[in-house]
Amino acid sequence: MTQKLTIAVASGKGGTGKTTVSASLACIAADAGYKTAYLDCDVEEPNGHLFLKPIIQYRHMVGIPVPVVDHEKCTACGSCGEICQYSAIVCINKNVLTFDKMCHGCGGCSLVCPVGAITENSRNIGVVETGTAGKVAFYHGKLNVGEAFSPPLVKAVRSAIQDDDLAIIDASPGTSCPVIAAVKGVDFVLLVTEPTPFGVNDLEIAADMVKKLCLPYAVVINRHIPGYTLARDFCRAKGIRILAEIPDDRRVAEAYSKGMLPHSAVPGYRELFEGLLNAVMKEARQ
Amino acid sequence: MKVVVTSTGKDLESKVDPRFGRANWLIVFDTETNQHQAINNEQNLNAGQGAGIQSAENISRHGVEAVITGNCGPKAFRTLGAAGIRIYCGADGTVSEALEKFKSGKLKQADGANVEGHWI
């Protein structure tokens, strides 16, 4: 069974349960018979593999283009430095200097060079690994240690999605460029929050981000405690749909500490995530 | 000879700004005429990245031969080096005091960056 749909699981705050929710949804979808892909786009610290335990079959390097200057051809006109917004190339005292680690790979410098003195070389920033986790097609990106620039790697992970995949993207926390790269253009965003003041504060920022990107979205409240209604009240006030409330449950935490997802370790959670998947698919199709 | 002192303010009695790339002001001082000019460096102070590189480029346009500052990172050092500008680190106190120390040879010319870059 196929259902072309891409769902991103994001959050403002870290540690709210994105990986638990996204990996669980992927397993449940695959069990329901959908051709499912799980993509860990939290490339700075991917952790979906700890729960899905994939067998990795392929590995490919991802690089970004960085400028290489032919000093014989260069006339030191300075156009390259003027267009670069990141100070990755600068013309000073008739010398052109490049700073590869600051380059975002836009190619602007080589385009504006009037004498064709700039060519591009690839600088490796990380790796995409592809494998299978049971019936789930597994993909994740691993950014090189010390690398500060991850969006091209996030995009490389996403490019693995096939046309007939039900794809679940596990985004990184926050609302900065790596998150935008993970959620841009998806069919639906699921924001995972916890009912703490920190969780709700960051949920508001994340909700503003997805609104700005004009993406349909809804919320899952994780570690819900009866009577503690901060997140619920916030969503009600803003008119944001809550698709599930996952209880604050010691058994789930114990399973997590052993690398197990709730639906495979604690009774009742398979049904909870089946309900969540159905709700997400219903919302996303609208 | 023109030298630049990184400064927290516009005049010679301001404190030296220990940061090079993100200094508030750059005081260009002419050792022959004792005249000075303050360049606002606010744009680089708030830069996301590359403040040292841009400040170095900024300075090179003013025909400066030396920079007097507190600290200098690796990318600023490389850029100033390409521009043929000498670097003197470890300056403190007011801009005038730093200039006096420089004139009397008490500041040592840097042969490398003395701090790590703040951006990769």
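Miscellaneous remarks
- Residue identified as in contact with a strand residue (DSSP E or B) (Cβ under 7 Å, 6 or more places away or on another chain) and either open to solvent by 10 Å² or more (accessible area, probe 1.4 Å) or modelled with pLDDT under 95 (or both) among A:19, A:36, A:2: A:19
- Filtering the stretch B:58-99 to residues that are of a type in the set (Asp, Glu) and either over 15 Å from residue B:7 (Cβ atoms) or surrounded by 19 or more Cβ atoms within 10 Å (Cβ to Cβ) (or both) leaves only B:65.
- Qualifying residue in the stretch A:238-246 (condition: in a strand (DSSP E or B) and crowded, with 22+ Cβ neighbours inside 10 Å): yes
- Test: residue in the stretch A:164-183 that is within 11 Å of the chain's Cα centre (by Cα), acidic (Asp, Glu) and over 18 Å from residue A:101 (Cβ atoms): yes
- Qualifying residue in the stretch A:50-67 (condition: within 14 Å of chain B (Cβ to nearest Cβ) and either in a loop (DSSP other than H, G, I, E, B) or under 23 Å from residue A:161 (Cβ atoms) (or both)): yes
- Of the strands (runs of 3 or more DSSP E) lying entirely inside the stretch A:72-169, the ones with 2 or more residues being in contact (Cβ under 8 Å) with a residue 40 or more places away in the chain are found at A:118-133, A:136-143.
- Which numbered condition residue A:86 fails, given (1) open to solvent by 30 Å² or more (accessible area, probe 1.4 Å); (2) in contact with a Lys or Arg (Cβ under 8 Å, 6 or more places away or on another chain): (2)
- Checking each residue in the stretch A:173-205 for being out of contact with any strand residue (DSSP E or B) (no Cβ under 8 Å at 6 or more places or on another chain) and either outside any loop (DSSP other than H, G, I, E, B) or crowded, with 24+ Cβ neighbours inside 10 Å (or both) picks out A:177, A:178, A:180, A:181, A:197, A:198, A:201, A:204, A:205.
- Matching option when the condition is under 19 Å from residue B:115 (Cα atoms), touching a strand residue (DSSP E or B) at 6+ places or on another chain (Cβ under 6 Å) and of a type outside the set (Lys, Arg), among B:5, B:28: B:5
- Counting the residues of the stretch A:118-149 that are modelled with pLDDT under 95 and in contact with a Leu (Cβ under 9 Å, 6 or more places away or on another chain) gives 2.
The values are calculated or read from the model by the stated rules, or taken from the named source; none is laboratory data. The structure displayed is predicted, hence computed values, not measured ones. Glycine gets a Cβ as well: all are built from the backbone with ideal geometry, and neighbour counts include every protein chain shown. Keep in mind that these areas ignore ligands, DNA and RNA; they rest on the heavy atoms of the full protein, side chains included. Shrake-Rupley method; radii C 1.70, N 1.55, O 1.52, S 1.80 Å.
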